[in-house]
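The values are calculated or read from the model by the stated rules, or taken from the named source; none is laboratory data. Model, not experiment: these values are computed from the prediction. Glycine gets a Cβ as well: all are built from the backbone with ideal geometry, and neighbour counts include every protein chain shown. Please note that ligands, DNA and RNA were not included when accessible areas were found on the heavy atoms of the full protein model with its side chains. Shrake-Rupley method; radii C 1.70, N 1.55, O 1.52, S 1.80 Å.
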Amino acid sequence: MKKITMKGKNVDEAVDAALKVISGDRAQAKVFVLSEGKAGVLGLIGGTEAEVEVTVKEGKPEDAQQLLQDILDKMGLVTMVESRLVDDRVELVVKGDDMGRIIGKDGATLKSLEILLAGMLARLYGERSYVSIDADGYRDKRRQSLERLAQEVANEVIDSKAEKTMPPMSAADRRIIHLYLQGNPSVAIFSQGEGDARRLVIAPK
Amino acid sequence: MKELVEYIVKALVDNPSKVEIKETSGESVIIIEVKAAPEDVGKVIGREGRIANAIRAIAKAVAAKQNKKVSVEILTEDKAQNKTI
């Protein structure tokens, strides 16, 4: 992702000049008009120049990597970001110090970064984009602890033959447990409630 | 902090030149005010405030490092303000 701000007699000329400077292809460029400019009488006399911000896209994983790296740098964190495209999802991995701060309580900061990155990619690419961010193996650890919890509760439910409602969880966390217990023939698993009140229920079969 | 929020907001809107960020910093509190073009405010807030809350969470993570509290306020245009009473 290369970004440049450029002025010109009109929007078109400003964009052309910008693309020339960063040797970018117009088809890969996202243009934001900062100022339309105004043609003056007799050419430029009395007119104002147009100003544009041109971003040349380099591909979703590359652009996402740079956006996240910029954000983490500005957060004052020393990190390195890697990225790859898996199906249509951009997967980003953060390495460095202070991983706890990047992950946040129950992954809240990671989640927030994902939401922002998805918004930024949607703006650049004009389509919905899926982003997942991992740091210090958090995703795997989280999945393992959720699966452990699910197994414990499932065992209780089987012993007591009484259904149990899980604590509030994000849709992603509910999904992990759902997939994990799906193969268990002794319990049924379903969600009930809407919005913030949605909870997983594990019931004996 | 201002630079961080400015970078994030400008990367979300269609009119980056209309984004204005004001930072007021006290001993233990930082207040960030975000102004954007009326048609962009929705992009900064997001569905059910998802984007705004994500910006707040990032700001909070940074402020916590300095043992400060942070408040990120997204200012809406007059029209919207009248509606919220």
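Okay, here's what the table says:
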read-out	value
Residue within the stretch A:98-111 that is free of Cβ contacts under 8 Å to residues at least 40 places away in the same chain and in a strand (DSSP E or B) present	no
B:Glu20 vs. criteria in contact with a strand residue (DSSP E or B) (Cβ under 8 Å, 6 or more places away or on another chain) and free of Cβ contacts under 8 Å to residues at least 24 places away in the same chain	yes
Residues of the stretch A:168-200 that turn out to be surrounded by 14 or more Cβ atoms within 10 Å (Cβ to Cβ), outside any loop (DSSP other than H, G, I, E, B) and not basic (Lys, Arg), as a count	12
Matching residues, the stretch A:124-142, being closer than 16 Å to B:Ile51 by Cβ and free of Cβ contacts under 8 Å to residues at least 40 places away in the same chain	A:Arg128
Matching residues in the stretch A:59-83 - criterion: being closer than 18 Å to A:Gly119 by Cα and not in a helix (DSSP H, G or I)	A:Gly59, A:Ser83
Filter result (surrounded by 15 or more Cβ atoms within 10 Å (Cβ to Cβ) and touching an Asp or Glu at 6+ places or on another chain (Cβ under 9 Å)) within the stretch A:144-165	A:Leu146, A:Val157, A:Lys164
Any hit, the stretch A:160-167, residues being part of a helix (DSSP H, G or I) and more than 30 Å from A:Val31 (Cα to Cα)	yes
Enumeration of residues in the stretch A:111-130 that are over 15 Å from A:Ala171 (Cβ atoms) and more than 8 Å from chain B (Cβ to nearest Cβ)	A:Leu117, A:Leu121, A:Ala122, A:Leu124, A:Tyr125, A:Gly126, A:Glu127, A:Arg128, A:Ser129
Complete set of residues in the stretch A:17-29 that are at pLDDT 90 or above and either touching a His at 6+ places or on another chain (Cβ under 7 Å) or surrounded by 16 or more Cβ atoms within 10 Å (Cβ to Cβ) (or both)	A:Ala17, A:Ala18, A:Leu19, A:Ala29
Residues that are open to solvent by less than 50 Å² (accessible area, probe 1.4 Å), facing chain A (nearest Cβ under 9 Å) and part of a helix (DSSP H, G or I), drawn from the stretch B:7-19	B:Tyr7, B:Ile8, B:Pro16
Selected residue [under 13 Å from the mean Cα position of the chain (by Cα) and more than 10 Å from chain B (Cβ to nearest Cβ)] from A:Gln69, A:Gln144	A:Gln69
Boolean, A:Gly47 is surrounded by 14 or more Cβ atoms within 10 Å (Cβ to Cβ), on the phi > 0 side of the Ramachandran plot and without any contact (Cβ under 8 Å) to a residue 40 or more places away in the chain	no
A:Lys95 more than 8 Å from chain B (Cβ to nearest Cβ) and of a type outside the set (A, V, I, L, M)	yes
Selection from the stretch A:44-78 of residues that are of a type in the set (S, T, N, Q) and closer than 26 Å to A:Asp97 by Cα	A:Gln65, A:Gln66, A:Gln69
Among (1) under 32 Å from the mean Cα position of the chain (by Cα); (2) modelled with pLDDT of 90 or more - the single one A:Met1 does not satisfy	(2)
Hits in the stretch A:168-184 (condition: among the polar types (S, T, N, Q) and either in contact (Cβ under 8 Å) with a residue 60 or more places away in the chain or closer than 20 Å to A:Glu156 by Cβ (or both))	A:Gln182, A:Asn184
Qualifying position, being closer than 30 Å to A:Ile71 by Cβ and in contact (Cβ under 8 Å) with a residue 12 or more places away in the chain, among A:Val157, A:Val187, A:Val201, A:Val90	A:Val90
